[in-house]
Amino acid sequence: MINLSLKKYSFVLCSFLWLVLPNAASLGSATSSIKVVIDPRLELLAVVQHLSGYGDRYGLITSFDFPYKKEVAAYFSQYKDQAAVKLFAEMSKAGFSYDAPPNAMLYLSNPPELALHMPFSDYLKERAGGGERLEKFVQALRDFARQSKFIEFFKIHESLY
């Protein structure tokens with residue numbers, strides 16, 4: 001009985017390999033076309049999160065020191081009292097955290113415009129403390145992006161991304 005099970009297992013394994021291996025070469029070429037990019041919307045959010053102390057509260061931002069992180073701190077520290085930073089700190093303490101902030105950014109165009117592509121979901125509005133509060137945060141992000149010249153900083157560092 002054990003021999004029969006081993007034979008069945010061997011047959012299934014060989015069949016699987018016979019189906020998969022001929023396609024392995026095409027998998028290699030498909031993965032070589034993957035392009036990794038840094039989304040400026042999410043990078044803007046990360047800067048605001050960093051300035052708000054979000055990483056200290058939730059442990060979601062790396063504690064490792066590296067040159068780019070130091071440059072972000074040095075360049076943007078003068079904007080830590082901006083409305084976007086303060087509002088994000090309040091909102092994140094009240095439940096606008098983890099998945100909600102990056103999810104909200106995906107509804108927007110690139111900074112500094114951050115134009116709304118489609119209405120925010122009810123889920124995001126609820127997590128943000130209401131649609132009005134979420135819209136206020138987006139406007140504060142626009143102001144932050146413009147006043148800090150975020151996109152210039154982003155472009156200067158593009159080679160790192």
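Key figures for this structure:
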{"read-out": "Residue list for segment 40-54, filter: under 11 Å from the mean Cα position of the chain (by Cα) and without any contact (Cβ under 8 Å) to a residue 60 or more places away in the chain", "value": "A46"}
{"read-out": "Per-region count, segment 92-101, residues part of a helix (DSSP H, G or I) and out of contact with any helix residue (DSSP H, G or I) (no Cβ under 6 Å at 6 or more places or on another chain)", "value": "1"}
{"read-out": "Tally, over segment 137-157, of residues that are without any contact (Cβ under 8 Å) to a residue 24 or more places away in the chain, in a helix (DSSP H, G or I) and not β-branched (V, I, T)", "value": "3"}
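Residue by residue, here is whether (1) β-branched (V, I, T); (2) over 30 Å from K35 (Cβ atoms); (3) crowded, with 16+ Cβ neighbours inside 10 Å holds:
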| site | (1), (2), (3) |
| --- | --- |
| S63 | no, no, no |
| F66 | no, no, no |
| D81 | no, yes, no |
| Y107 | no, no, yes |
| H117 | no, no, no |
| R142 | no, no, yes |
| R146 | no, no, no |
| K149 | no, no, no |
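A short reminder: the numbers here are calculations on the coordinates, not readings from a lab. Worth saying up front: this structure is predicted, and the values here are computed from it rather than measured. Note: ideal-geometry Cβ built from the backbone for every residue, glycine included; neighbour counts use all protein chains shown.
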